[in-house]
Amino acid sequence: MNHEKSEKIIQCAKGTIKADVVFKNTKIINTFTNEIEEGDLAVQDGLIVGVGNYSGEKEIDLHGKYICSGFIDGHIHIESSMMCGPAFEKAVLPHGTTAVITDPHEICNVAGEEGLQFMLDTTEQLKLSVYFMLPSCVPATNLDESGAVLTADKLQKYYKNPRILGLAEMMNFYGTVNGEKEILAKIEDCHISGKIVDGHAPFLTGNLLNAYIAAGVCSDHECSNIDEAMEKLRRGQYIMVREGTAAKNLQALLPLFQEPYCERCMIVSDDRHPDDLLQYGHIDGNIRKAIKNGADPIIAIKMATLIPAQYFGLKKHGVIMPGYIADFIVLSDLHDLHVEQVYKNGKLVAKDGKVIEAAQIKINENRYPHVMHSFNMNEIQLGDFQLKNHGTHERVIDLVTKELLTNERIVPLCKNKGTALGVDIDQNIVKIAVFERHHHTGHVGLGFLGNYGLKCGAVASSIGHDSHNLIIAGTNDEDMVIAGNTVRKNEGGLAFVANGKVIGELALPVAGLMSLENAEELVEKMRDMKNALKLSGISEDIDAFMTLAFISLPVIPKLRLNTYGIIDVDQQKVVPAIF
C-alpha cells in the first residue's frame, strides 16, 4: 500500500474525510469478543476502516441487519461439487462463502500435475477466493491404483505460489507413524516453506496419535464422536467439524461449539453435491444446523470465519474490524441465517441468492489433454464380473448411515436365483466392482456391499475416492455391464440402469469428475436419477452416488473395495470376498 493510499485510509478511519461506502445502522458480529456492536461500517479501497459513527460518499442503510465476515470453508474438494470453478463460485458465493481452501487430490489422482494446474488456472480469476492445499496422498496408499503419482519432489516447487497454503490431509497415517521416507519428505518440505499440514486419521488414538501429531500434522476433519475430537484437541490439533453430503458429524460434535474449544475448531464441508448446495446451502447451512441444535450463533459464525482465517494464516481476513479486508455478508437474522448480500473487497458480488456477474467457463482442451480425456480401458464384458475365488461364506462391506465408516459382515454365500452370485436383496446385499480406468491394466476388484438398499438394477460412477476408478454396484451382472459401459462411453460420470435400460445418466467429462454445466443443470439430471433410485430401494438417508464414491477409499475403516479387491483398512491388506 502506497503512502498516499495509507494516508487516505487513516483519514477515513478518523472520520475527517468521507469513506467510499458506509453501511449505516448495522449490527456487527464481533468474533474477537463474541458480541454484537451496533453502529456504522466504513469501507475504503476494499478495506474496513472503521466501526462506529461514519459518513460516506455512498451510504447504504441496513436498517438493523447483521453483518459478519464472509464464510471460509477450511476443507473442501471442489471436484466433489461436480462443477468447475466458475460454476462452483456461482453456487456458493450467494450463500456467503467468500473463500475456500480446497484439496485437489481428486483430479490429481486422475491427472497429476496437469490436474493441479487445471484447478489453479480455472479458479484464478474468480471473485471467490480459492486457496489450495497440495495433495499429500496421490495415490492414497500403496494399495491403490491412481492415474498419477505426486512425489515430494514434484510438489516442492508449488509452495512458492501464495495461493498454496500447505499440505492437504495426510490420509496415509499408517505411513506417517511408521516413518515412511516419502511421506516425511512431503511434511518436511511443507514445514520448511512455513506452511501447515492438514490431517486425516479416523480413530487414531494414544501413542500413535502422539506420533502422528509429532510428525507435524496440525488438524483433523475425520472425528465422528466427541471423545475422539476431544483427545485430538487436547493433543494440540485443530478440529474441523465436518458436515457434507456423505459424512455428517456436526450433531455429534456440538459440544465443541463453546469456549474454550471453539477457539481451535472450524466448520467445513469436505464434500458437497450440487443439489445440497442449492437446497441446503454451503457453510451457511452448517451454521444454520448448529444454531437450530442449540449452538450460540456468534460462536458458530466464529468457527466459520475467524478460526479458519487464523489457522490458515489468512491475515486480515475473518473478522469485521479496522484494517481487515472487506469480505463480508449481510444477514437478515441470526436464526434462519438468510444471506441477503455478499461483498468482496467492499463490492457487492451476490444478492438475494444470485451472483451479480457470473464468471464464464472457458477451457482450452488442448492444454489439458489428460484432464479432458481420462478413460483408458476396454469395453466391459459379462465375464469381468465372475468371482474366481471359491468358498462357503462371503465378506460384506456394510455401510454405516451418515458416516464414511463401514463395518464387516460375514454371511453364508448367497445363491439366490435371478441375481448375481452373492447378492441377497432380503439381506440388503448387492454386488460391487471396481475397474481400473487409467492405465489399461484390466484390473477388476469384486465384492459385496451391504445396506445400500438397491433392489434392482445397477449404479455406476467414475467418482471413486481417491483414485477414481470406475465403480459399479448392482443386483445383476447384465445391468452392471450396461451401467459401466455407459459411463465409459461418456468419458466419466454417473449412470443408473434397470432391466437392461439406461434410466438416467450424467456425463462428467472433466477428469471423469466434473461437468461444464452449472449446478441447476446438474441437479435436474441428478434428481431424475435419484428419484428412480428411491423407487428401486435406495433410502432417503443415502446419497446413492456420493456414498458409492467412498467405497474405494482404502484409508477409512473397516473395509473398502478397489481394483486389487477387498481391502481390510486396519491391516492394510487384501482379503477375499468369498472364503
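A few points about this structure:
- Residues located in region 342-357, provided they are part of a loop (DSSP other than H, G, I, E, B) and open to solvent by 30 Å² or more (accessible area, probe 1.4 Å): Asn345, Asp352, Gly353, Ile356, Glu357
- Scanning region 401-420 for residues that are more than 26 Å from Glu540 (Cβ to Cβ), of a type in the set (A, V, I, L, M) and either without any contact (Cβ under 8 Å) to a residue 24 or more places away in the chain or open to solvent by 80 Å² or more (accessible area, probe 1.4 Å) (or both) turns up just one, Ile410.
- Single residue of region 13-53 satisfying the filter (open to solvent by less than 30 Å² (accessible area, probe 1.4 Å) and of a type in the set (Ser, Thr, Tyr)) that is farthest from Val342 (Cα to Cα): Thr31
- Number of residues in region 358-381 that are open to solvent by less than 50 Å² (accessible area, probe 1.4 Å) and within 30 Å of Ala91 (Cα to Cα): the value is 8.
- Taking the criterion of being open to solvent by less than 10 Å² (accessible area, probe 1.4 Å) and touching a residue at least 60 places away in the same chain (Cβ under 8 Å), the residues of region 272-298 that qualify are Arg272, His273, Pro274, Leu277, Gly281, His282, Ile283, Asp284, Gly285, Ile287.
Quick grid of which residues meet (1) in a strand (DSSP E or B); (2) more than 24 Å from Met266 (Cβ to Cβ):
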position: Cys68; (1), (2): yes, no
position: Ser80; (1), (2): no, no
position: Pro94; (1), (2): no, no
position: Ala99; (1), (2): yes, no
position: Glu106; (1), (2): no, no
position: Asn109; (1), (2): no, yes
position: Val138; (1), (2): no, yes
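- Residues in region 476-491 that are in a helix (DSSP H, G or I) and either under 18 Å from Val523 (Cβ atoms) or open to solvent by 40 Å² or more (accessible area, probe 1.4 Å) (or both): Glu478, Ile482, Arg488, Lys489.
- When Ala295, Ala300 are checked against the criterion of being more than 19 Å from Leu128 (Cα to Cα), part of a loop (DSSP other than H, G, I, E, B) and at pLDDT 95 or above, a single residue qualifies: Ala295.
- Test: residue in region 520-528 that is touching a residue at least 40 places away in the same chain (Cβ under 8 Å) and touching a Gly at 6+ places or on another chain (Cβ under 9 Å): yes
- Of the residues examined, Leu494 is not one that is open to solvent by 10 Å² or more (accessible area, probe 1.4 Å) and within 24 Å of the chain's Cα centre (by Cα).
- Pro509 being modelled with pLDDT of 95 or more and crowded, with 19+ Cβ neighbours inside 10 Å: yes
- Which listed residue is out of contact with any helix residue (DSSP H, G or I) (no Cβ under 7 Å at 6 or more places or on another chain), of a type in the set (D, E, K, R), buried (at least 17 other Cβ atoms within 10 Å of the Cβ) and not in a strand (DSSP E or B), from Asp384, Asp426: Asp384
The values are calculated or read from the model by the stated rules, or taken from the named source; none is laboratory data. Model, not experiment: these values are computed from the prediction. Cβ coordinates were reconstructed from backbone atoms using ideal geometry, including for glycine residues, and neighbour counts include every protein chain displayed. What goes into the accessible areas is simple: the full protein's heavy atoms, side chains included, and nothing from ligands, DNA or RNA. Shrake-Rupley method; radii C 1.70, N 1.55, O 1.52, S 1.80 Å.
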